[in-house]
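Since the structure comes first, as C-alpha cells, the remarks are kept for the end.
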Amino acid sequence: MPLPVAELVTFTSTEAYQKDQSVLGGLLDLLSKAEGRISTFHGPEVEDPSRAYLFVLWHAIEQRIAFTNGPLAANREILKPAFGGPPEMVHVHFVQDPTPAFDAPVTEVAVITIKPGHTKEQVGPLLDQLTNFRTEGLTLSTWGPMVEREDTLYIAAGWESLEAHQKSYESASEEFMKVITAIRDRAELKITHGKLRKYD
C-alpha cells in the first residue's frame, strides 16, 4: 500500500486557539468529511506557543488540492477563529508512515535545508542512518523530501517528552554524533517541537 503524503501546516494562532483548541473544530469537521483524508493532528509549538501545527495525512496530494479548491474555498471563514494570519503549508513524502511520530506526546519537526554544492542524494543516506538510531523515549523517527522544494527535507520524530529528546543528545554515541556532524556539514537544520492531538 502506498505511503500517505503529509500536509504540514504551520500558522500563527489566535489567542482564542491558545486558550481553547476546539475553536479549530469547524475546519477539523470539514476535513473529516474530505475524500482521501487519513488522519489529522494539531497543536501548539513548544518553543513558541503562539505558533501552531496542523498535520494532515492524505492518500494522494490531488485529494488535498481538491479539498482546498472545493469545500475549503467555499468555507474559508472557518479558519478565522484559530488562524491569526496566512499559514505556511508544505507537503512531505516520508519514507515511513509518520503517524506514530505525530501521535507521540511530543513531536520533533526538523527542517533540513541542503547547502549549495550538496545534493539530496548525499544527505538522504545520512538521514537514513540518523533515523535508524534507537534511543530511550523515542517512538519513531522518519524523514522525507519536501514536494515543493528540491533542497528541503523533513524529519518527524516522536518522543515521550521534550526531556527525553534532550537526554538523547547527552548520552549520544560517537557514531551518532559523527552522522549529525556529517549532516550539518551538508545542510542547515532547524528543529522545533509540537504537542499534537489527534482529531477523531
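The values are calculated or read from the model by the stated rules, or taken from the named source; none is laboratory data. Quick caveat, the model's predicted, so the values are computed rather than measured. Neighbour counts run over all protein chains shown; Cβ positions are idealised from the backbone, glycine included.
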Could you grab me the full set of residues in the range 110-123 that are of a type in the set (A, V, I, L, M, F, W, C) and assigned to a strand (DSSP E or B)?
110, 111, 112, 114
Exactly one condition in (1) touching a strand residue (DSSP E or B) at 6+ places or on another chain (Cβ under 9 Å); (2) touching a residue at least 40 places away in the same chain (Cβ under 8 Å); (3) under 17 Å from residue 71 (Cα atoms); (4) not in a strand (DSSP E or B) is not met by residue 47; state its number.
(3)
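Listed here are the residues, each with its yes/no results for (1) over 30 Å from residue 33 (Cα atoms); (2) in contact (Cβ under 8 Å) with a residue 24 or more places away in the chain; (3) part of a helix (DSSP H, G or I).
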site: 108; (1), (2), (3): no, yes, no
site: 125; (1), (2), (3): yes, no, yes
site: 135; (1), (2), (3): yes, yes, no
site: 142; (1), (2), (3): no, yes, no
site: 157; (1), (2), (3): no, yes, no
site: 164; (1), (2), (3): yes, yes, yes
site: 167; (1), (2), (3): yes, yes, yes
site: 190; (1), (2), (3): yes, yes, no
Please find, within the range 50-67, the residue that is farthest from the chain's Cα centre (by Cα) out of those that are under 25 Å from residue 105 (Cα atoms) and either of a type in the set (A, V, I, L, M, F, W, C) or assigned to a helix (DSSP H, G or I) (or both).
58
Modelled with pLDDT of 95 or more, among the charged types (D, E, K, R) and within 27 Å of residue 143 (Cα to Cα): is that true of residue 7 in this structure?
yes
Search result, residues across the range 184-198 that are crowded, with 21+ Cβ neighbours inside 10 Å and more than 11 Å from residue 109 (Cα to Cα):
187, 196
Please determine, by comparing only the residues of the range 128-178 that are hydroxyl-bearing (Ser, Thr, Tyr) and surrounded by fewer than 12 Cβ atoms within 10 Å (Cβ to Cβ), which one is nearest to the chain's Cα centre (by Cα).
169
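This table checks each residue for (1) among the aliphatic types (A, V, I, L, M); (2) closer than 13 Å to residue 79 by Cα.
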position: 9; (1), (2): yes, yes
position: 20; (1), (2): no, no
position: 23; (1), (2): yes, yes
position: 33; (1), (2): no, no
position: 47; (1), (2): no, no
position: 56; (1), (2): yes, no
Go through the range 80-92 residue by residue and tally those that are crowded, with 16+ Cβ neighbours inside 10 Å and not in a loop (DSSP other than H, G, I, E, B).
4
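Only one of 138, 126 is in contact with a Lys or Arg (Cβ under 8 Å, 6 or more places away or on another chain), modelled with pLDDT of 95 or more and among the aliphatic types (A, V, I, L, M); which? Full working, then the answer.
Values: 138 fails: in contact with a Lys or Arg (Cβ under 8 Å, 6 or more places away or on another chain).
One residue alone meets the criteria, 126.
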Does at least one position in the range 109-116 carry a residue that is modelled with pLDDT under 95, out of contact with any helix residue (DSSP H, G or I) (no Cβ under 8 Å at 6 or more places or on another chain) and surrounded by fewer than 19 Cβ atoms within 10 Å (Cβ to Cβ)?
no
